[in-house]
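Notes follow once the structure below has been shown.
The values are calculated or read from the model by the stated rules, or taken from the named source; none is laboratory data. Quick caveat, the model's predicted, so the values are computed rather than measured. No Cβ is skipped: glycine too gets one built from the backbone with ideal geometry, and neighbour counts run over all protein chains shown.
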């Protein structure tokens, strides 16, 4: 019986792109996708800009109407008359630490004109720390 060869080789000739052409094609697809994303973002920015311009014009119209009527514009006038309650004394209890900080921050936001700098804010907060 004749012996059969253990291996055979088959050659298939398929039209293949070279690796560099495949990489170039992939980069072109990614570039097109990025350009599409940028175009979408630019369109969104344009819409947001138009919305801001519309709201700004609306606000200016409301301010002008308030000035014509002699009524004070309500946004800032009320804030200056608010006298917030100071925070409760802090005893050093860690469980109540976040609440103390929140009340300090709220007070400083509502009465910001009392605190020209960071040192004044820190000193004021220290004055409510009785122990701990």
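Do you know which of the residues in the range 64-89 that are part of a helix (DSSP H, G or I) and surrounded by 12 or more Cβ atoms within 10 Å (Cβ to Cβ) is modelled with the lowest pLDDT?
Going residue by residue through the range 64-89, those that are part of a helix (DSSP H, G or I) are 64-69, 74-81.
Right, trim to surrounded by 12 or more Cβ atoms within 10 Å (Cβ to Cβ) and you get 66, 79.
Numbers: 66: 73, 79: 48.
Looking at residues that are part of a helix (DSSP H, G or I) and surrounded by 12 or more Cβ atoms within 10 Å (Cβ to Cβ), I get 79.
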Of all residues in the range 86-105, how many are in contact with a helix residue (DSSP H, G or I) (Cβ under 8 Å, 6 or more places away or on another chain) and farther than 17 Å from residue 131 by Cβ? 1
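How many residues, within the range 98-116, are loosely packed, with under 13 Cβ neighbours inside 10 Å and over 16 Å from residue 127 (Cβ atoms)? Talk me through it step by step, then tell me what you get.
Of the range 98-116, the ones loosely packed, with under 13 Cβ neighbours inside 10 Å are 98, 102, 109, 112-114, 116.
Then keep just the ones that are over 16 Å from residue 127 (Cβ atoms); that gives 98, 102, 109, 112-113, 116.
The number of residues fulfilling the criteria is 6.
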